[in-house]
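The structure appears right after this line, and notes come after that.
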Amino acid sequence: MRQIIVCGLGRFGLNVIEALREAGRQVTVISDEKTSSERRERAEAAGARVIDGDFRFPKVRREAGVPAAAAVLLTTSNDVDNLEAALEIRGEAPDVPVIMRHSEPQFARRLEKDFGIAAAMAPAVLAASSFVEAAMSVTAEESVLVGRDSRIDVPARRVRFEFIAIPLLLLAIYLSAILIFRQTLGLDWVDAAYFTTSVVTTVGFGDFNLQHAPDWVKIFGILLMFSGIVLVAIIASMLTIFIVSGAANQMRNEFLARRMRGHVVVCGLGQVGAAITRDLLTRDIPVVAIDPAAADEEHRELNLRCPLIVGDSTKSAVLARAGAARARALIACTSNDALNLEIGLTAQGTVEGRRSERPLRLVLRCFDPELARRIHAVSDDYTLLSEAKIAAPFFVRTALSHAVSTVQNPA
């Protein structure tokens, strides 16, 4: 039985190696000097042969036995390195199936069709459904409570003082001018409003004027012209900043989030978070996403079609704006175990006392299996999942299916 080559000994690569060994396959892994000694020891303990070197170099691949392998799995998180090695292996050993990790699932079919890659898969996409199912696994009683709970309310976000004060000041001046012009010039309400508008905007059509008005009214008209010009300019600049800075879109997102009930809050929009959000939306499950960089160009290109809150998920105020108190579940899927746990603890504190009948379901992304085991041992409130552990069996099954066909149909 020919061996299977694994290129890369990161978290995902280690899970793939252990799954292959559990399936009884001989495994050789190519690892570089950046690999931690702990992972190397775990790979060797699982029975894998470890080759030191850079898998992008043909000499290292030959030493590992790639030309005679049953299959090659490229498991690093670097799409460019994986693709470069995949193309070179296809040229060196065209009969050896290559299964590669790639973060952009939309390219998978093109890579398989155009370059003869056996399979190109994204762990984040493969694992997304497991996170969604964990978040949605609520009892029928909880589902009813989620749908009918209308007692919980979250205060609206405070709007900056100047966005209210300046327009109110202009309105006060405008209404005062209408009243003064109506009383002193004998105009009706419509004409007084028309004349005030022409003065504030400095249009002055000439049909109304202050030529015969009392001196104090003329002075008031002069001040109205200057104050109108200044305030209109300030409001115009504020409106521009409001739109260009994304504040308008953010207020819209928070308004939509405040109206939602029984939704899922997704914290972190990396590869895993984006995949989970898309999976939820595909299932027509309402979602509110939170990310500290959610306003940048990369996140706008995600086009997730759901309210996107810009902020730190470890802050109660941010979780409140996302409607955590009214949510069905919260998924924390950043790339940091401690941060995900902190988000979960903050979420519990945010909703504590507001929903005693139905606790918030918390699903946390976790890389450390020992941490997950310890938390599960002491609390049922948290579900910890690793996308590497979930996705590894998919890669292994794909590799074994292609490896079997290679053995049965040798070149």
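Residues that are assigned to a strand (DSSP E or B) and either modelled with pLDDT of 95 or more or out of contact with any Leu (no Cβ under 9 Å at 6 or more places or on another chain) (or both) within the stretch 28-43 comprise 28, 29, 30, listed in sequence order.
Among residues of the stretch 365-401 being in contact with a strand residue (DSSP E or B) (Cβ under 9 Å, 6 or more places away or on another chain) and aromatic (Phe, Trp, Tyr), the one that is nearest to residue 347 (Cα to Cα) is 382.
Rundown of residues vs (1) crowded, with 20+ Cβ neighbours inside 10 Å; (2) modelled with pLDDT of 85 or more, yes/no style:
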residue	(1), (2)
239	no, no
242	no, no
283	no, yes
290	yes, yes
302	no, no
312	no, yes
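From the list 88, 22, the lone residue that is more than 16 Å from residue 117 (Cβ to Cβ) and of a type in the set (D, E, K, R) is 22. Would you confirm whether or not the stretch 17-24 contains a residue that is more than 20 Å from residue 122 (Cβ to Cβ), assigned by TED's automatic domain parsing to the domain that holds residue 103 and surrounded by 24 or more Cβ atoms within 10 Å (Cβ to Cβ)? No, every residue in the stretch 17-24 fails to be more than 20 Å from residue 122 (Cβ to Cβ), assigned by TED's automatic domain parsing to the domain that holds residue 103 and surrounded by 24 or more Cβ atoms within 10 Å (Cβ to Cβ).
The values are calculated or read from the model by the stated rules, or taken from the named source; none is laboratory data. These numbers were taken from a predicted model, which means no experiment stands behind them. Neighbour counts are summed over all protein chains in view; Cβ atoms, including those assigned to glycine, are modelled from backbone coordinates with ideal geometry.
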